[in-house]
Amino acid sequence: MKAINFSRSKKLNNVLNEIHLSLLNIHDTKEESVSEIKHYQENFSKETDYNLYQHGNLLIYDEDIRDLYKEYKTVKRANSEQLRACYMRQVGWVARYIVDNENNAK
């Protein structure tokens, strides 16, 4: 899959593309995954990540999340709660991107 240019920052762009790929692989097909993301977005609209992280659809272990952000020196000092909060915000942002672009493509 072609990388999307989410950010000028190469490090952030790599992280967001990994999240994007993970979200599109929640199910067997892209269409099923987008449908699931829309379902979570509609039902958990007040949650930062639309509960995609909390329900175990993506990375769930702190060490896996920390590994995703391994290029960021500042993350090494972050505690697990701060790291999860950052990850959840970015999951929500990429989920909105996917839903918005899927709606515009049709």
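From helices alone, the chain scores -19500 deg cm²/dmol at 222 nm; the rule is -39500 (n - 2.57) for each run of n ≥ 4 DSSP H residues, then divide by the residue total. The simple Förster model, with R0 at 25 Å and r as the Cβ-Cβ distance, assigns Leu12 and Ala85 a FRET efficiency of 0.95. Ranked by how many other Cβ atoms sit within 10 Å of their own Cβ, fewest first, the residues Tyr97, Tyr50, Tyr69 fall in the order Tyr97, Tyr69, Tyr50.
Evaluating kT/(6 pi eta Rh) at 25 °C and 0.890 mPa s, with the Kirkwood radius of the chain over Cα pairs in the Stokes-Einstein relation, gives 173 µm² s⁻¹. With neighbours defined as other Cβ atoms within 10 Å of a residue's Cβ, the residues Lys2, Lys73 order from fewest to most as Lys2, Lys73.
Taken together, the values in this text are just the output of simple stated rules run on the coordinates, not laboratory data. Bear in mind the structure is a predicted one, so any value in this text is a computation, not a measurement. A quick note on method: Cβ atoms are made from the backbone with ideal geometry, for glycine too, and the neighbour counts reach across all protein chains shown.
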